[in-house]
Amino acid sequence: MTHTYKALESSKIEESNQLNIVERNIKDLPKGDLLIKVQYSSLNYKDAMSAKGMPGVTRNYPHTPGIDAAGIVKESQDKNFREGDSVIVTGYDLGMNTPGGFGEYIRVPSSWAIALPKGLSAKEAMSLGTAGLTAGLSVHALASYREYIGLSDTKSIVTGATGGVGSVAVMLLSKLGSEVTAVTGKNDQLDFLSSLGASHVLSREELAETTRKPIGKSIWDVGIDVVSGDILSLLLTSLKPGGAVACSGLVGGHSFESSILPFILRGNALLGIDSVEISLEEKTHIWEHFSSDWKINLDHSTKEIVLEDLPDEIETILGGGQVGRVLVQL
């Protein structure tokens with residue numbers, strides 16, 4: 001087996017960060033039960049934050065980002081995993097302070113890894129990645145909240161709909177029989193959103209015109225929000241009785257305004273979604289859904305790149321320009 005591997009490395013340069021493709025030695029990876037040859041990773045907003053040295057993600061540099069990885073076990077100190085097993089690793093500390101999936105090899109605790117489900121390839125898993133996992137957790141939370149009603153024949157709304165979480169959420173809700181309204185700041189992406197399964201598309205301005213604070217017309221049964229801020233406030237004013245919003249992002253800010261009215265007059269709920277520190281059992285459950293009854297084709301909404309392309313894509317996602325998913329082949 002080779003002793004060196006290629007990785008994207010972020011280094012502190014004065015007040016900014018510099019990205020380079022470097023060669024590293026496998027023996028310098030941290031201790032862990034599993035040595036994994038990474039086949040695919042994916043680009044998430046948190047990866048871009050780490051790569052550019054933004055506060056709150058990565059403490060020490062130089063560092064290899066990448067919170068997602070799918071690949072083959074090369075060495076195992078856990079009897080539950082054997083050499084040659086296909087695995088998925090997402091979340092926990094991968095790519096944050098532990099060298100991540102933007103390197104050809106990672107070494108991690110076995111408690112971070114799950115077996116790749118049958119019916120799902122490594123490429124498909126990373127076309128979904130943490131963004132897809134988050135969308136899946138959001139849909140599952142809404143379905144659980146509506147246990148006796150389900151999501152079929154509902155009216156749903158998805159914010160940030162052209163992004164990673166949003167685009168998968170639109171596809172998944174549509175597949176499950178919901179009439180999806182997609183909200184986006186990218187007014188040139190109507191055709192793209194329609195191709196994902198959106199029945200209606202609203203600009204942010206149109207959403208503000210459609211809704212009213214502190215409580216307005218009942219429009220949607222459920223919502224998936226990745227924006228927060230004023231957008232989340234507007235969604236909460238426009239749910240039908242018994243409705244719920246699953247929230248997982250904060251690109252619009254880490255706070256929002258609301259009143260008690262949606263909660264006590266309509267019995268609405270706000271469901272928080274965490275995809276990082278949840279149990280392996282919960283992650284496995286969602287990945288198994290994606291390998292079977294939630295199977296979706298992401299080919300038309302996924303851009304495949306190699307490590308050398310990452311610096312440009314990182315600038316794109318930080319600038320709000322990413323559409324769909326970005327898959328990284330290693």
Qualifying positions in the stretch 76-91 - at pLDDT 95 or above and either of a type in the set (Val, Ile, Thr) or buried (at least 16 other Cβ atoms within 10 Å of the Cβ) (or both): Ser76, Phe81, Asp85, Ser86, Val87, Ile88, Val89, Thr90
In the stretch 233-251, residue modelled with the highest pLDDT [restricted to those that are open to solvent by 30 Å² or more (accessible area, probe 1.4 Å) and within 16 Å of Thr134 (Cβ to Cβ)]: Ser248
Residue that is most open to solvent (accessible area, probe 1.4 Å), among those in the stretch 270-287 that are over 18 Å from Asp225 (Cα atoms) and in a loop (DSSP other than H, G, I, E, B): Glu277
In the stretch 166-183, the residues that are open to solvent by less than 30 Å² (accessible area, probe 1.4 Å) and either more than 17 Å from the chain's Cα centre (by Cα) or not hydroxyl-bearing (Ser, Thr, Tyr) (or both): Gly166, Val168, Ala169, Val170, Met171, Leu172, Leu173, Ser178, Val180, Thr181, Ala182, Val183
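Could you check the stretch 204-226 and list, in sequence order, the residues that are open to solvent by 20 Å² or more (accessible area, probe 1.4 Å) and touching a Gly at 6+ places or on another chain (Cβ under 7 Å)?
Passing the criteria: Arg204, Asp221, Val226.
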Among (1) open to solvent by less than 50 Å² (accessible area, probe 1.4 Å); (2) in contact with a strand residue (DSSP E or B) (Cβ under 9 Å, 6 or more places away or on another chain) - the single one Met49 does not satisfy: (2)
Selection count where residues are under 14 Å from Thr98 (Cβ atoms) and open to solvent by 10 Å² or more (accessible area, probe 1.4 Å), scope the stretch 22-44: 7
Matching strands (runs of 3 or more DSSP E) fully within the stretch 28-144 where at least 3 residues are small (Gly, Ala, Ser): 68-76
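Does Leu8 fit the bill of being in contact with an Asp or Glu (Cβ under 7 Å, 6 or more places away or on another chain) and not polar (S, T, N, Q)?
On the way: in contact with an Asp or Glu (Cβ under 7 Å, 6 or more places away or on another chain): no; not polar (S, T, N, Q): yes.
Answer is no for this residue.
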Val201 part of a strand (DSSP E or B) and either crowded, with 18+ Cβ neighbours inside 10 Å or in contact with a strand residue (DSSP E or B) (Cβ under 7 Å, 6 or more places away or on another chain) (or both): yes
Test: residue in the stretch 278-298 that is within 30 Å of Met96 (Cα to Cα), modelled with pLDDT under 95, over 19 Å from the mean Cα position of the chain (by Cα) and not hydroxyl-bearing (Ser, Thr, Tyr): no
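From the list Gly252, Gly267, Gly242, which residue is under 30 Å from Pro214 (Cβ atoms), over 15 Å from the mean Cα position of the chain (by Cα) and either outside any loop (DSSP other than H, G, I, E, B) or aliphatic (A, V, I, L, M) (or both)? Give the steps one after another, and end with the answer.
Details: Gly252 fails: either outside any loop (DSSP other than H, G, I, E, B) or aliphatic (A, V, I, L, M) (or both); Gly267 fails: either outside any loop (DSSP other than H, G, I, E, B) or aliphatic (A, V, I, L, M) (or both).
None of the other options fit; the residue is Gly242.
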All positions within the stretch 109-159 that are among the basic types (Lys, Arg) and open to solvent by 40 Å² or more (accessible area, probe 1.4 Å): Lys118, Lys123, Lys155
Within the stretch 301-325, considering residues that are part of a helix (DSSP H, G or I) and surrounded by fewer than 15 Cβ atoms within 10 Å (Cβ to Cβ), the one farthest from the chain's Cα centre (by Cα): Glu308
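The values are calculated or read from the model by the stated rules, or taken from the named source; none is laboratory data. None of these values were measured; they are calculated from a predicted model. No Cβ is skipped: glycine too gets one built from the backbone with ideal geometry, and neighbour counts run over all protein chains shown. When the accessible area is computed, the model is the full protein with side chains, heavy atoms only, and any ligands, DNA or RNA have been set aside. Shrake-Rupley method; radii C 1.70, N 1.55, O 1.52, S 1.80 Å.
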